[in-house]
Amino acid sequence: MNIYISTNMFKVNQLEEVFNILEHIPHENVGIELFVEFHNPEFMEVVNKNMERLNKYKISMHGPYYKTEHSSEIGSDSYNISKKYFIDTLKLSQKLDSSYIVYHHNNCKIHDKKVMIKNSKINLEELNKLAKDYNAKIVIENAGVISRQNILFDQEEFIQICKESNQDVLIDIGHAFANGWNLEYVIKELKNKIISYHLHNNDGKKDSHDSIFYGSFNIDEFLEIYNKYTNKADLVLEYNKDYRKKVNILIEDIDYIKSRIK
């Protein structure tokens, strides 16, 4: 089991700050989940500058999000740019020996659910074929929240699509909580596929990506469920950008998680 700090909390020109945080964390098996931003030309400049430092840590990767829509019509400009960004992600994943790459079936609001699901499945199948050339693992995340009108799969649909797929799964507990899912039920159903979690908290509606103790979700209940069903899975602190200067909170949260997991 590894704990990762997501670079989602940094702007591209702040990425190097993650190394300062890691220097203050005494635990082993704490690494980085790199939130890729290929739409920003500065992203690879920063990554290349810090490649040697990145390679000192365990790495997982979040697939492209900004300017990316995997449910776009096949052959469209949106589809092509999303595919390009993901291929760039695969190349970087190989260089960093990333343990997995997170995939969102969609990011945009739902407009034609049936067509969006069809397109995203085709896209994922194509990306899986490409991933073999880079020895990369793509994992499915339960993306989207009701308040943003971008949830493509409800609880039962997500469980079903995961069971039908060959992909492993990453459960975002903040998304599950904001969408009113029965988290223990979901984890129990998918326990043999879950390899990682995104940890953050919210008020039960908005996807605010706050720290695990700042919100209405009970992190202790989750850790009990985690220990019961999936205690080998990785854990990723995926906090918002307000936390980049709150190093003490990150350290305290990691200390607490380490004290509770078995």
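The values are calculated or read from the model by the stated rules, or taken from the named source; none is laboratory data. Note that the coordinates shown come from a computational prediction; the quantities given were computed from them, not determined experimentally. Note that we place each Cβ from the backbone using ideal geometry, even for glycine, and neighbour counts take in every protein chain shown. Side chains are part of the model used for accessible areas, which takes the heavy atoms of the whole protein and leaves out ligands, DNA and RNA. Shrake-Rupley method; radii C 1.70, N 1.55, O 1.52, S 1.80 Å.
Cβ-Cβ under 9 Å, sequence separation 6+ or interchain: first residue in segment 13-31 and among the charged types (D, E, K, R), partner part of a loop (DSSP other than H, G, I, E, B). Which pairs?
16/10; 16/50; 17/10; 17/244; 17/245
Would you please name the residue that is least open to solvent (accessible area, probe 1.4 Å), looking only at residues in segment 110-133 that are part of a loop (DSSP other than H, G, I, E, B) and free of Cβ contacts under 8 Å to residues at least 40 places away in the same chain? Can you show your working first?
Narrowing segment 110-133 to residues part of a loop (DSSP other than H, G, I, E, B): 110-112, 133.
Filter once more, keeping what is free of Cβ contacts under 8 Å to residues at least 40 places away in the same chain: 111-112.
Working: 111: 139, 112: 70 Å².
Per the criteria, the residue is 112.
Give all pairs with beta carbons closer than 8 Å in which a residue from segment 43-61 that is over 12 Å from residue 5 (Cα atoms) meets a residue that is open to solvent by less than 50 Å² (accessible area, probe 1.4 Å) and of a type in the set (Val, Ile, Thr); count only pairs at least 6 apart in sequence or on separate chains.
Partner pairs satisfying both residue conditions: 43/12; 43/36; 46/12; 54/32; 54/47.
List the helices (runs of 4 or more DSSP H) that sit entirely inside segment 1-102 and contain at least 2 residues that are surrounded by fewer than 20 Cβ atoms within 10 Å (Cβ to Cβ) and among the polar types (S, T, N, Q). It would help to see each step written out before you state the result.
Details: elements: 17-22, 42-49, 51-54, 77-96.
Answer list for segment 1-102: 77-96.
Against the conditions (1) open to solvent by 10 Å² or more (accessible area, probe 1.4 Å); (2) at pLDDT 95 or above; (3) on the phi < 0 side of the Ramachandran plot; (4) out of contact with any Asp or Glu (no Cβ under 8 Å at 6 or more places or on another chain), where does residue 107 fall short? Just the number, please.
For residue 107, the failing item is (4).
So if I check each of 193, 188, 118, which one is of a type in the set (Lys, Arg) and closer than 21 Å to residue 60 by Cα? Write out each step before concluding.
On the way: 188 fails: closer than 21 Å to residue 60 by Cα; 118 fails: closer than 21 Å to residue 60 by Cα.
After ruling out the rest, the residue left standing is 193.
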